[in-house]
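Engineer: Dropping the structure in here first, questions after.
The values are calculated or read from the model by the stated rules, or taken from the named source; none is laboratory data. Everything numeric here is computed off the predicted structure, so don't read it as measured data. Here the Cβ positions follow ideal geometry from the backbone for every residue, glycine too, while neighbour counts run over all protein chains shown. Surface accessibility is based on the protein's heavy atoms, side chains included, excluding ligands, DNA and RNA. Shrake-Rupley method; radii C 1.70, N 1.55, O 1.52, S 1.80 Å.
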Amino acid sequence: MNNINEIQRFSFDHTNVRGERVLLTDAYQNIISRKSYPESLEKLLGEFTAAIALLRDIIKIDGVLSIQCKGNGPLQTLMTECDEKQNLRGIAQWDQEQEFPATVSLKELLEGGYLVITITPRNGQRYQGIVEIVGDSLAECLEQYFMQSEQLPSRVWLASNGVQAGGLFLQRLPAEQAQEGDEDAWERFVHLASTVKDEELFDLDTATLLHRLYHEEELRLYDAKTMQFGCSCTRQRTLDAIISMGAEEVREILSEQGAINVECQFCAESYSFLKEDLDDYLGDQAHTH
Ligand SMILES: [Zn+2]
């Protein structure tokens, strides 16, 4: 499948199971093309990108959602972000002095670290949730997050290969009336999803994938939403960041370099500010008499 970048919600009639499936190709490739990332880090960024896409569609806030982590070893920082228009961006920093491990668990990479999920609504308070690193994978961390934040049993599968990033999510909603066999149904759904191969997650459209897994169930597929790479940087935001360095620092760079040039690390957009652009903020404007 070429250039599919979408997320799709689904449920099964007569069950309390719902889910989401995400598949990203060039939206993901765009993110990893900004730097020459080590191969295993490209894949990890893919998993984080698929994860933030799933989270955004599940949490459904009007605003921006991000997931980030910090490490003291080979991985220094990693963050991915998604807004309500399905714009995705992400970035990672790693220690280029040492070889980045080809295979290593998230737990080992982040030794004692944690994940931070930040919800920034367009209107209202920003909210941060801390997620402990449990198990070996990002998927397990997210399952823990859903259990804590929504008290609902959830399962997550994530995969990435440097070209595509995909994810599958299942959640058991509270039954209005607990029915006999509900527990078994959930176990059955999870068991079948666990048989999904990474290639199936990359190559099959959602209807085919779900039919292959659950052909005996009555599938209800909702409209797919297109996702894309998109950066939220603006000239004004870049200016705000420069000003936050403090007037003294800004003056120093201006006197040394004549201008302040900033390149957005997410999208490579470049912004240039001259002294006259910054005068108003530095309190240096010429006084006219
Ligand atoms: Zn940008």
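Engineer: What residue among Asp205, Asp83, Asp223 shows peak mean-square fluctuation when the chain is described by a Gaussian network model with Cα springs under 10 Å?
Structural biologist: Checking each option, the largest mean-square fluctuation is seen for Asp223.
Engineer: Oh, and also: Once fully extended, how much extra length lies between Arg126 and Glu111, figured as 0.36 nm per residue of separation less the alpha-carbon to alpha-carbon distance?
Structural biologist: Numbers: separation 15, 0.36 × 15 = 5.40 nm, distance 2.70 nm.
This chain segment gains 2.7 nm when fully extended.
Engineer: Here's another thing I want to ask about it. On average, how much area does the Cα convex hull of segment 153-289 cover when viewed from any direction, in nm²?
Structural biologist: On the way: hull surface 61.0 nm².
Orientation-averaged projected area of the Cα hull: 15.2 nm².
Engineer: Looking at the chain as a GNM with Cα springs under 10 Å, which of Ala247, Ala92, Ala185 has the largest mean-square fluctuation?
Structural biologist: Ala247
Engineer: Ranked from highest to lowest mean number of other Cβ atoms within 10 Å per residue, what is the order of the peptides 41-54, 7-20?
Structural biologist: Result, highest mean Cβ count within 10 Å first: 41-54, 7-20.
Engineer: With every protein chain left in place and a probe of 1.4 Å, what is the accessible surface of Tyr271, to the nearest 10 Å²?
Structural biologist: The accessible area comes out at roughly 30 Å².
Engineer: What three numbers, in Å, describe the spread of the alpha carbons of segment 95-226 along their principal axes, ordered from the longest?
Structural biologist: Sorted largest first, the three principal extents are 54, 37, 30 Å.
Engineer: How much of the accessible area of the chain, in percent, comes from carbon and sulfur atoms when a 1.4 Å probe is used? It would help to have the intermediate numbers written out before the result.
Structural biologist: Details: 6720 of 15320 Å².
Exposed carbon and sulfur together represent 44 percent of the surface.
Engineer: With every protein chain present, what is the per residue accessible area of segment 143-222 (1.4 Å probe, Å²)? Write out the running numbers ahead of the final one.
Structural biologist: Working: 4530 Å² over 80 residues.
Solvent-accessible surface per residue comes out at 57 Å².
Engineer: OK, next. Relative to the compact-globule scaling 2.2 N^0.38 Å, provide the ratio for the alpha-carbon radius of gyration of segment 27-77. List each step's numbers first, then the result.
Structural biologist: Numbers: Rg = 12.4 Å, N = 51, 2.2 N^0.38 = 9.8 Å.
Compactness ratio reported: 1.26.
Engineer: Round to the nearest 10 and give me the degree value, 0 to 90, for the angle of helix 247-257's Cα axis relative to the longest principal axis of the chain.
Structural biologist: Once rounded, the angle reads 70 degrees.
Engineer: Provide the descending list of Cα extents for the chain along its principal axes, expressed in whole angstroms.
Structural biologist: 85, 44, 38
Engineer: Okay, moving on. In nm, to one decimal, how far is the modelled label at Glu150 from the one at Ile61, with both set 7 Å along Cα→Cβ?
Structural biologist: Rounded to a tenth, the inter-label distance reads 1.5 nm.
Engineer: Among Ala102, Ala224, Ala159, which one moves the most in a GNM of the chain with springs linking Cα atoms closer than 10 Å?
Structural biologist: Checking each option, the largest mean-square fluctuation is seen for Ala102.
Engineer: Select from segment 92-122 those GluC sites (Glu not before Pro) which occupy a DSSP coil region and have at most 13 other Cβ atoms within 10 Å, ordered by residue number. If you can, show how the numbers build up before the last one.
Structural biologist: Working: sites: Glu97, Glu99, Glu108, Glu111; in loops: Glu97, Glu99, Glu111.
Answer by residue number: Glu97, Glu99, Glu111.
Engineer: What does the accessible area per residue of segment 1-63 come to in Å², with a 1.4 Å probe and no ligands, DNA or RNA counted?
Structural biologist: Ligands and nucleic acids excluded, the result is 34 Å² per residue.
Engineer: Estimate the FRET efficiency between His14 and Ile243 by the formula 1/(1 + (r/R0)^6), using the beta-carbon distance for r and 51 Å for R0, to the nearest 0.05.
Structural biologist: Details: r = 58 Å, r/R0 = 1.14.
Using R0 = 51 Å, I get an efficiency of 0.30.
Engineer: Report the FRET efficiency, 1/(1 + (r/R0)^6), for Glu216 and Ala102, where r is their Cβ-Cβ distance and R0 is 41 Å, rounded to 0.05. If you can, show how the numbers build up before the last one.
Structural biologist: Numbers: r = 40 Å, r/R0 = 0.98.
E between Glu216 and Ala102, to the nearest 0.05, is 0.55.
Engineer: OK, next. Please go through segment 122-224 and write out the GluC sites (Glu not before Pro) that DSSP classes as loop and that have at most 14 other C-beta atoms within 10 Å.
Structural biologist: On the way: sites: Glu132, Glu140, Glu143, Glu150, Glu176, Glu180, Glu183, Glu187, Glu199, Glu200, Glu216, Glu217, Glu218; in loops: Glu176, Glu180, Glu216, Glu217, Glu218.
The qualifying sites are Glu176, Glu180, Glu216, Glu218.
Engineer: Please determine, in degrees from 0 to 90 and to the nearest 10, the orientation of helix 39-59 with respect to the longest principal axis defined by the Cα atoms of the chain, where the helix direction is its Cα long axis.
Structural biologist: Approximately 70 degrees, to the nearest 10.
Engineer: A further question on this structure: Could you state how much accessible area Ile119 has, in square angstrom rounded to the nearest 10, with a 1.4 Å probe and all protein chains kept in place?
Structural biologist: Ignoring ligands and nucleic acids, Ile119 comes out at about 20 Å².
Engineer: Exceeding 20 Å between C-alpha atoms, which entries from my cross-link table qualify? They are Lys35/Lys60; Lys35/Lys70; Lys70/Lys197; Lys60/Lys225; Lys35/Lys107; Lys60/Lys85. Mind showing how you got there, number by number?
Structural biologist: On the way: Lys35/Lys60 31 Å; Lys35/Lys70 18 Å; Lys70/Lys197 30 Å; Lys60/Lys225 13 Å; Lys35/Lys107 24 Å; Lys60/Lys85 11 Å.
Exceeds cut-off: Lys35/Lys60; Lys70/Lys197; Lys35/Lys107.
Engineer: Ok, one more. One quarter of the convex hull surface, Cα atoms only: what value does that give for segment 235-282 in nm²? Please list the in-between numbers first.
Structural biologist: Working: hull surface 12.4 nm².
Hull-based average projected area comes out at 3.1 nm².
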